[in-house]
Amino acid sequence: MSSPNSPDLRDRQSSAAAAKKAMLERFRAAAADPGRAEREAERRAIAEARNQRLAEKEAARMAREAELAAERARLAAEAERKRLIEEAAAEKARKEAEELAAMIAAEEAEKAAKLATEQKAARDERYAARKLAKKIRRRGY
């Protein structure tokens with residue numbers, strides 16, 4: 001049932017072999033091309049330049065990261081120093097406040113003790129005056 005326009009098996013095989021042979025000839029011609037070596041050398045030079053640029057970029061990035069890390073470390077050290085200074089100032093203020101509170105408490109205690117002694121002296125004086133008045137009343141003079 002083949003049509004007159006369709007090739008038979010041998011025609012197809014021979015055309016496939018001819019196509020393979022033509023491809024092989026083109027490959028051999030391309031391999032023997034004198035401009036090919038120049039193009040490959042040019043491609044290698046371009047690839048080397050690209051790799052060198054990438055290496056330079058990487059070195060610059062690493063240097064920038066190192067600078068940023070050093071800056072972060074410096075800022076962290078400065079923040080730590082400020083924190084320690086603030087902590088010391090807060091501790092000093094707390095101690096001063098405690099000392100002031102202790103002094104005020106001591107003064108208050110001293111005032112309270114003085115007031116208590118004054119009140120006791122006044123009470124004792126009143127008591128002695130009452131006793132004396134009672135004595136005078138009993139004696140009659």
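Values quoted throughout were computed directly from the atomic coordinates according to the rules given, and no laboratory measurement underlies them. Predicted, not measured: the structure shown is a model, and the values here were computed from it. Cβ: placed from backbone, ideal geometry, glycine included. Neighbour counts: every protein chain shown.
Values computed for the structure shown
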quantity: Flag if R10 is surrounded by fewer than 10 Cβ atoms within 10 Å (Cβ to Cβ), part of a helix (DSSP H, G or I) and more than 45 Å from the chain's Cα centre (by Cα); calculated: yes
quantity: Residue identified as over 54 Å from the mean Cα position of the chain (by Cα), of a type in the set (K, R) and either surrounded by fewer than 10 Cβ atoms within 10 Å (Cβ to Cβ) or assigned to a helix (DSSP H, G or I) (or both) among K57, K82, K114; calculated: K114
